Amino acid sequence: MHTMLASAPTFPIPTPAPAFRDSVADWMRQFQDWLCQQLEEADGLARFQEDAWQHHGGGGGRSRVISNGNVLEKGGVNFSAVSGTMSEQAARVLLMPNPEYFATGVSVVQHPGSPMVPISHMNVRYFEAGNGEAWFGGGLDLTPIYVDVEQARWFHEQIAEVCQRHNPAYYTRFKEWADEYFYIPFRQETRGVGGIFFDRLTVGKDGSQEELFAFVREVGEVYGHSYTELMRRNAALPFTEEQKKWQLVRRGRYAEFNLAIDRGTKFGLETGGRTESILMSLPPQCEWHYNLQPEPGSPEAATQTWLRKGVDWLATHS
């Protein structure tokens, strides 16, 4: 797992639009198309089905869902570009400087059928508040049902390389942020092996429009390249019924995070977003068992030991 992916961006930069927000939204649409194509090719069977929708405040989006594929049991790649005025309460909860907003982004979650292929998540987004403040956010992370240390390190290497090209401090800073964000406090465990997470990279304060936009574009691309590679490497691995049952338990943890903690879910619901698109991230099936503990010394117990903050994946070996 030492192969590094392409070191330079491969996705075309969009032609500038009259307003910067339009240029960002145009790229988000194009990125959704590109990523769906990459995932379909890696799956080899299923195709995304599109559901276009309108937002009550203005704008809308395209929800795309894939199901019952060779690899992906359920997945979504959602694009939106919406505007409106949120309630004062919602603006306070979401730390918005002004209740008026424009938001565009692509949100992705993939749930494979095989417990040997990790669950994955990626989000890239751009916000503008009514007072003129603008910022980018996003991140990507990996949730293996069974942690493969070599693959986790490789995944982090791809991300670190992207961060290094834009700001040497980004990877360490955003990896730690992911450890904190993708954490389930009531379980005292991380959602998976992490990745990076960043929010409110503010235009002007943290970089120019184009500098921050270029970084976000590469975050999207590295997800597409790295996750489809992991799909291909793990799709044919055999698994047992017991491993499938463990997958359903781990999917339950994933659902807990998305419903109780995830800010994107809260933002969508607080601003009257489209419920079906917002809850696309939930797995097709999951289970909860009272006080279930993995057998000591089992592969399941080994995975549990990795679900913690502060693992230096770049230096970790199995």
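Solvent exposure of the chain, expressed per residue, is 44 Å² of accessible area, with all protein chains present and a 1.4 angstrom probe.
Exactly which chymotrypsin sites (Phe, Trp or Tyr not before Pro) in the stretch 221-318 are in a DSSP loop and have at most 12 other Cβ atoms within 10 Å?
Here the sparse-neighbourhood loop sites are TRP288, TYR290.
The 3J(HN,Hα) values that the Karplus relation (6.51, -1.76, 1.60; θ = phi - 60°) gives for the stretch 206-222 are, in residue order, 9, x, 6, 3, 5, 4, 6, 5, 4, 5, 4, 4, 5, 4, x, 5, 5 Hz. Gly and Pro appear as x. Converting phi to 3J(HN,Hα) with the Karplus coefficients 6.51, -1.76 and 1.60 and the offset θ = phi - 60°, the stretch 102-115 yields 10, 9, 9, x, 10, 10, 9, 9, 10, 10, x, x, 7, x Hz in sequence order, with x at every glycine or proline. GNM on the chain, alpha-carbon springs under 10 angstrom: the most fluctuating residue among LEU269, LEU212, LEU95 is LEU95.
Sequence-distant contacts, meaning Cα pairs under 8 Å at least 6 residues apart, place the relative contact order of the chain at 18 percent.
Once the trypsin sites (Lys or Arg not before Pro) in DSSP loops with at most 14 neighbouring Cβ atoms within 10 Å are cut out of the chain, the longest remaining piece is 48-186. Computed from phi, the 3J(HN,Hα) profile of the stretch 305-316 under the Karplus parametrisation 6.51, -1.76, 1.60 (θ = phi - 60°) reads 5, 8, 8, 8, 6, x, 6, 8, 5, 5, 10, 8 Hz, with x in place of Gly and Pro. Based on the reciprocal of the average 1/r between different C-alpha atoms, the Kirkwood radius for the chain equals 20.0 Å. A simple spin-label model places the labels of LEU237 and LEU269 3.3 nm from each other, with each point 7 Å out along Cα-to-Cβ.
Just flag the chymotrypsin sites (Phe, Trp or Tyr not before Pro) in the stretch 129-207 sitting in loop per DSSP whose Cβ has no more than 12 other Cβ atoms within 10 Å. Can you show the working numbers first?
Details: sites: TRP135, PHE136, TYR146, TRP154, PHE155, TYR170, TYR171, PHE174, TRP177, TYR181, PHE182, TYR183, PHE186, PHE197, PHE198; in loops: TYR146, PHE182, PHE186.
The qualifying sites are PHE186.
The share of C-alpha pairs in the stretch 182-313 whose separation exceeds 26 Å stands at 38 percent.
Return the carbon/sulfur percentage of the accessible area of the stretch 215-318, one whole number, probe 1.4 Å, all protein chains in place. Walk me through the intermediate numbers first.
On the way: 2870 of 5280 Å².
Carbon with sulfur: 54 percent of the solvent-accessible area.
The values are calculated or read from the model by the stated rules, or taken from the named source; none is laboratory data. All values derive from a computational prediction rather than experimental measurement. Cβ atoms come from the backbone with ideal geometry, glycine included; neighbour counts cover every protein chain shown. The protein model used for the area step is the full one, side chains on, heavy atoms only, and it has no ligands, DNA or RNA in it. Shrake-Rupley method; radii C 1.70, N 1.55, O 1.52, S 1.80 Å.
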